[in-house]
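Enquirer: First the structure, which I've put down as structure tokens, then a few questions once you've had a look.
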Amino acid sequence: MISQLTKTERETALFLTALLTLSGLTLGLLGRNDLLGYHGALLAVAGMSLTFLLIKDYYKPEPDPDNRAKYYDDPIKVGLVLALVWAVIGMIVGDWVAWLLVFPEATFDAGWASFGRLRPVHTSGVIFGFGGNALIATSFHVMQRTSRARLADNISPWVVVVGFNLFCLMAATGYLMGITASKEYAEPEWYADIFLTIIWVVYLVLYLRTLARREEPHIYVANWYYLSFVIVVAMLHILNNLAIPISLGHAKSYSLFSGVQDAMIQWWYGHNAVAFFLTTGFLGMMYYYLPKRAGRPIFSYRLSIISFWGIVFLYMWAGSHHLHYTALPHWVQTLGMTFSIMLLVPSWASAGNALLTLNGAWGKVRDDATLRFMMVAAVFYGLSTFEGSFMAIRPVNSLSHYTDWTVGHVHSGALGWVAMITFGSIYTLTPWIWRKERMYSNKLIELHFWLALVGTMIYVFAMWNSGIIQGLMWRAYNTDGTLAYSFIDSVAAMKPYYVARAIGGLMFLAGAIVCAYNVWKTAKLPTVTEYTPDKPPLPARGRPSAAAQAAE
Amino acid sequence: MTIDHETLTAFAKTYGLIYMMIVFFGAVVYALWPSNQSKFDRAANSILEQDED
Ligand code: HEM
Ligand code: HEM
């Protein structure tokens with residue numbers, strides 16, 4: 001990797017790793033009497049290890065200038081591998097917490113093993129670790145190919161990949177130690193938030209600079225979706241995490257907002273995280289890899305533009321459906337509900353657009369498990385958005401809220417849509433960037449497909465059942481007006497469903513492991529094709545030698 | 001004039017709505033404009049022209 005950098009780039013990289021080490025040391029010193037100290041140490045160790053790696057290869061020969069005329073795929077490879085590593089970690093912890101709900105006493109009396117600490121390791125691990133890395137890696141691929149331009153420079157992709165993963169690591173280790181800002185999906189504390197903000201700005205600037213250098217006049221629609229993900233996540237992240245630390249030497253901070261305002265900002269964030277992290281980014285993936293794999297252009301390009309703006313405009317207002325029957329003003333709840341129902345239109349337009357693209361290629365879908373992953377993803381996208389719009393209706397929400405129905409909805413979106421479209425894209429992308437003829441084993445893709453599909457079905461059906469039973473038990477009254485069941489009765493009734501969910505989850509996890517193995521073996525296959533695009537991409541600035549300039 | 005909660009809500013409910021509707025309809029008109037069709041066809045097919053496998 002380092003041998004692909006020129007001398008000046010190696011120097012820049014060294015400067016950045018020194019900066020990282022220094023920031024880590026400062027944070028460690030400031031927070032030496034607090035848990036914060038550990039994260040300072042983590043950053044310092046990471047900075048020093050990277051510095052060491054750079055110094056080790058510092059005097060290696062400079063890269064062949066011709067390489068600069070090719071796409072830059074190394075960061076994509078690293079991002080994909082990290083996505084799979086986090087998928088396995090995040091899902092192991094997911095299944096662990098699933099079993100913990102079956103056997104709640106299995107915490108070894110240790111703080112770190114309690115449900116409250118492990119659960120965010122699962123959610124952040126899968127959403128940010130798995131989903132985030134997959135989005136970053138595929139966006140690097142899509143932005144280069146659709147612009148026919150190499151990434152704008154060779155350092156910032158690494159800043160994004162390495163920095164983002166350090167953030168994920170701080171998040172996961174922090175939860176285990178008990179560090180949390182207590183906002184769902186935004187649990188990391190102020191210093192990690194500032195760190196991520198810097199990384200994210202680098203990501204946005206890299207994206208815009210690469211697009212600015214494009215050879216194609218029109219910006220392909222997938223880029224719009226990816227960009228909305230990058231921009232809106234920045235907005236959400238900054239606003240929801242505005243907080244004041246109790247001191248610079250403490251991890252703990254307090255939100256700038258309080259009461260119902262705080263709740264509204266949190267769920268404006270939370271719902272738009274669903275929208276712009278778990279939806280638009282992955283729609284970007286779908287709009288590129290699905291047509292590529294099917295070998296057919298998207299059914300309606302116009303529809304893809306209209307649904308883009310529909311999704312962007314409507315999602316922003318839907319967050320208050322998470323706060324039905326709370327202190328939030330009634331009209332704000334109604335607003336959220338109305339927009340959630342309207343949201344069904346662009347959501348189904350996107351799902352329909354994907355399925356209609358496949359119309360006429362059903363033979364391929366039957367034979368090709370990779371394409372089937374994407375088709376199933378589109379179906380689950382349609383299902384979970386329908387379900388979401390339905391649950392957003394206030395009286396329906398009075399039944400579903402606080403129950404496992406929500407968890408079922410989450411995972412029909414997360415497993416059925418987010419994970420399936422990602423796996424489909426990974427199987428499409430892996431042979432391309434590692435320059436192999438095909439994946440190591442198609443049988444294993446087929447196996448993974450069925451494990452994932454059956455696992456998701458078991459998970460979602462178990463949660464629908466348990467959620468509705470819970471909801472009905474909580475609202476069952478005796479003739480004298482007293483509650484028919486105590487809360488613990490409803491807990492006991494959940495047990496068989498929790499067992500089923502944990503088994504379905506185990507199958508899904510097994511599938512993810514099969515995928516990681518398959519990708520690993522593919523990377524080890526002999527390289528067969530050296531991919532040379534018909535039109536070479538616009539090379540990055542910072543040519544290593546005069547020879548390259550002459551060739552221009 | 002004092003800028004309080006009422007003022008801001010009133011502003012958001014009127015001008016906010018109008019401006020968002022204009023932008024959205026602008027996007028719809030752009031997407032449906034007949035002469036853009038050929039551009040979109042080209043874009044939709046452009047990703048298929050480069051063959052990586
Ligand atoms: C092996 C597969 C998985 C298993 C066994 C699993 C299990 C769980 C469990 C037990 C919970 C806690 C539910 C509760 O508090 O009652 C949970 C929550 C959650 N999981 Fe998963 N999960 C899996 C995969 C995923 C994936 C791939 C994603 C995202 C891409 C995801 C996203 C979430 C989210 C967002 C929540 C929080 C839900 C809420 O607060 O309502 N999970 N999961
Ligand atoms: C039209 C689209 C959608 C609408 C209107 C919608 C609506 C809803 C509603 C009403 C809830 C329950 C809120 C509550 O009672 O607390 C919810 C929860 C949730 N939804 Fe969706 N949903 C949509 C699509 C999706 C998709 C595609 C995903 C992707 C994975 C997703 C992920 C989640 C998550 C993670 C939660 C749990 C939040 C929590 O921690 O409480 N949703 N959604």
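Enquirer: If I filter the range A:254-262 for residues that are assigned to a loop (DSSP other than H, G, I, E, B), under 30 Å from A:ILE219 (Cα atoms) and open to solvent by 50 Å² or more (accessible area, probe 1.4 Å), do I get at least one hit?
Expert: no
Enquirer: When you go through A:LEU54, A:LEU82 one by one, which is the residue that is among the hydrophobic types (A, V, I, L, M, F, W, C) and within 16 Å of ligand 1 (Cβ to nearest atom)?
Expert: One residue alone meets the criteria, A:LEU82.
Enquirer: Just name the residue that is farthest from the other protein chains (Cβ to nearest Cβ) out of those in the range A:144-158 that are of a type in the set (S, T, N, Q) and either open to solvent by 10 Å² or more (accessible area, probe 1.4 Å) or touching an Asp or Glu at 6+ places or on another chain (Cβ under 7 Å) (or both). Let's see the steps before the verdict.
Expert: Step one: of the range A:144-158, the residues of a type in the set (S, T, N, Q) are A:144, A:146-147, A:154, A:156.
Those left that are additionally either open to solvent by 10 Å² or more (accessible area, probe 1.4 Å) or touching an Asp or Glu at 6+ places or on another chain (Cβ under 7 Å) (or both): A:146-147, A:154, A:156.
Numbers: A:THR146: 6, A:SER147: 11, A:ASN154: 21, A:SER156: 24 Å.
Filtering first and then ranking leaves A:SER156.
Enquirer: Can I ask one more? If the Cβ limit is 8 Å and pairs must be 6+ apart or interchain, which residue in the range A:411-422 that is in the same structural domain as A:ALA87 (by TED's automatic domain parsing) and touching a residue at least 60 places away in the same chain (Cβ under 8 Å) pairs with which residue that is outside any helix (DSSP H, G or I) and open to solvent by 10 Å² or more (accessible area, probe 1.4 Å)?
Expert: Once the first residue is in the same structural domain as A:ALA87 (by TED's automatic domain parsing) and touching a residue at least 60 places away in the same chain (Cβ under 8 Å) and sits in the range A:411-422, its partners that are outside any helix (DSSP H, G or I) and open to solvent by 10 Å² or more (accessible area, probe 1.4 Å) give A:GLY413/A:LEU278; A:ALA414/A:LEU278; A:TRP417/A:LEU278; A:VAL418/A:LEU278.
Enquirer: Next question. Would you mind stating whether A:ARG214 is open to solvent by 70 Å² or more (accessible area, probe 1.4 Å), more than 20 Å from the chain's Cα centre (by Cα) and modelled with pLDDT under 95?
Expert: yes
Enquirer: Still on this model: Checking the conditions here, which among A:HIS141, A:HIS122 is farther than 19 Å from A:GLY284 by Cβ, surrounded by 21 or more Cβ atoms within 10 Å (Cβ to Cβ) and in the same structural domain as A:PHE276 (by TED's automatic domain parsing)?
Expert: A:HIS122 is the lone residue from the list that is farther than 19 Å from A:GLY284 by Cβ, surrounded by 21 or more Cβ atoms within 10 Å (Cβ to Cβ) and in the same structural domain as A:PHE276 (by TED's automatic domain parsing).
Enquirer: Can I ask one more? Run down A:LEU196, A:LEU176, A:LEU169, A:LEU248 and say which single residue is open to solvent by 50 Å² or more (accessible area, probe 1.4 Å), under 24 Å from A:THR21 (Cα atoms) and under 15 Å from the mean Cα position of the chain (by Cα).
Expert: A:LEU169
Enquirer: Please list, ordered by first then second residue, the pairs with beta carbon atoms under 8 Å, 6 or more apart or interchain, first in the range A:438-459 and without any contact (Cβ under 8 Å) to a residue 60 or more places away in the chain, second open to solvent by less than 60 Å² (accessible area, probe 1.4 Å) and of a type in the set (D, E, K, R).
Expert: Short answer, once both residue conditions are applied: A:ILE458/A:ARG501; A:TYR459/A:ARG501.
Enquirer: Scan the range A:56-92 residue by residue and report those that are of a type in the set (A, V, I, L, M, F, W, C), away from ligand 2 (no atom under 16 Å from the Cβ) and modelled with pLDDT of 95 or more.
Expert: Quick first cut of the range A:56-92, residues of a type in the set (A, V, I, L, M, F, W, C) only: A:69, A:76, A:78, A:80-89, A:91-92.
Subset that is away from ligand 2 (no atom under 16 Å from the Cβ): A:69, A:76, A:78, A:80-86, A:88-89, A:92.
Correct list: A:ILE76, A:VAL78, A:LEU80, A:VAL81, A:LEU82, A:ALA83, A:LEU84, A:VAL85, A:TRP86, A:VAL88, A:ILE89, A:ILE92.
Enquirer: For the range A:52-64, which residues satisfy the criterion of being in a helix (DSSP H, G or I) and open to solvent by less than 30 Å² (accessible area, probe 1.4 Å)?
Expert: Listed by number, the list holds a single entry, A:LEU54.
Enquirer: If only one of A:PHE282, A:PHE339, A:PHE276 is assigned by TED's automatic domain parsing to the domain that holds A:TRP417 and open to solvent by 10 Å² or more (accessible area, probe 1.4 Å), which one is it?
Expert: Residue meeting the stated conditions: A:PHE339.
Enquirer: Just checking, how many residues over the range A:294-323 are surrounded by 23 or more Cβ atoms within 10 Å (Cβ to Cβ) and either closer than 23 Å to B:ASN45 by Cβ or facing chain B (nearest Cβ under 9 Å) (or both)?
Expert: Count: 5.
Enquirer: Does A:VAL121 satisfy being out of contact with any strand residue (DSSP E or B) (no Cβ under 8 Å at 6 or more places or on another chain), within 16 Å of ligand 2 (Cβ to nearest atom) and away from chain B (no Cβ under 14 Å)?
Expert: Working: out of contact with any strand residue (DSSP E or B) (no Cβ under 8 Å at 6 or more places or on another chain): yes; within 16 Å of ligand 2 (Cβ to nearest atom): yes; away from chain B (no Cβ under 14 Å): yes.
It is true that A:VAL121 is out of contact with any strand residue (DSSP E or B) (no Cβ under 8 Å at 6 or more places or on another chain), within 16 Å of ligand 2 (Cβ to nearest atom) and away from chain B (no Cβ under 14 Å).
Enquirer: Restricting to the range B:24-53, and then to whatever is β-branched (Val, Ile, Thr) and surrounded by 13 or more Cβ atoms within 10 Å (Cβ to Cβ), can you tell me which residue is nearest to A:ALA349 (Cα to Cα)?
Expert: Taking the range B:24-53 first, the residues β-branched (Val, Ile, Thr) are B:28-29, B:47.
Retained after the next criterion (residues that are surrounded by 13 or more Cβ atoms within 10 Å (Cβ to Cβ)): B:28, B:47.
Values: B:VAL28: 14, B:ILE47: 21 Å.
If we take residues in the range B:24-53 being β-branched (Val, Ile, Thr) and surrounded by 13 or more Cβ atoms within 10 Å (Cβ to Cβ), then B:VAL28 is nearest to A:ALA349 (Cα to Cα).
Enquirer: Also, quick follow-up: When the residues of the range A:217-238 are narrowed to those that are open to solvent by 70 Å² or more (accessible area, probe 1.4 Å) and hydrophobic (A, V, I, L, M, F, W, C), which ends up nearest to B:ASN45 (Cα to Cα)?
Expert: Filtering the range A:217-238 down to residues open to solvent by 70 Å² or more (accessible area, probe 1.4 Å) leaves A:217, A:224, A:231, A:235, A:238.
Narrowing the set further to residues that are hydrophobic (A, V, I, L, M, F, W, C) leaves A:224, A:231, A:235, A:238.
Values: A:TRP224: 17, A:ILE231: 27, A:MET235: 33, A:ILE238: 38 Å.
Step by step, filter the range A:217-238, then rank; the result is A:TRP224.
Enquirer: Would you point out the residue of the range A:472-525, among those that are in a helix (DSSP H, G or I) and of a type in the set (D, E, K, R), that is farthest from A:PHE373 (Cα to Cα)? Show your work before the answer.
Expert: Within the range A:472-525, the first condition is being in a helix (DSSP H, G or I), and the residues that meet it are A:472-474, A:487-524.
Filter once more, so that each one left must be of a type in the set (D, E, K, R): A:489, A:495, A:501, A:521, A:524.
Working: A:ASP489: 39, A:LYS495: 31, A:ARG501: 21, A:LYS521: 20, A:LYS524: 24 Å.
Within the range A:472-525, the match that is farthest from A:PHE373 (Cα to Cα) is A:ASP489.
Enquirer: Being buried (at least 22 other Cβ atoms within 10 Å of the Cβ) and not small (Gly, Ala, Ser): is that true of A:PHE103 here?
Expert: Answer is no for this residue.
Enquirer: Does A:ILE238 satisfy the condition of being in a helix (DSSP H, G or I), within 16 Å of ligand 2 (Cβ to nearest atom) and either of a type outside the set (D, E, K, R) or away from chain B (no Cβ under 14 Å) (or both)?
Expert: Working: in a helix (DSSP H, G or I): yes; within 16 Å of ligand 2 (Cβ to nearest atom): no; either of a type outside the set (D, E, K, R) or away from chain B (no Cβ under 14 Å) (or both): yes.
No, not satisfied.
Enquirer: State yes or no: is A:MET463 crowded, with 20+ Cβ neighbours inside 10 Å and out of contact with any strand residue (DSSP E or B) (no Cβ under 8 Å at 6 or more places or on another chain)?
Expert: yes
Enquirer: Would you check which residues across the range A:374-428 are crowded, with 19+ Cβ neighbours inside 10 Å, near ligand 2 (Cβ under 10 Å from one of its atoms) and of a type in the set (Ser, Thr, Tyr) and list them?
Expert: Residues satisfying the conditions are A:TYR381, A:SER384, A:THR385, A:SER389, A:SER400, A:THR403, A:SER412.
Enquirer: Evaluate the following for A:ARG68: is it open to solvent by less than 10 Å² (accessible area, probe 1.4 Å) and among the basic types (Lys, Arg)?
Expert: yes
The values are calculated or read from the model by the stated rules, or taken from the named source; none is laboratory data. Nothing here was measured: the structure is a model prediction, and the numbers come from that model. Ideal geometry is used to build each Cβ from the backbone, glycine not excepted, and the neighbour counts take in all protein chains shown. SASA here: full protein model, heavy atoms, side chains in, ligands and nucleic acids out. Shrake-Rupley method; radii C 1.70, N 1.55, O 1.52, S 1.80 Å.
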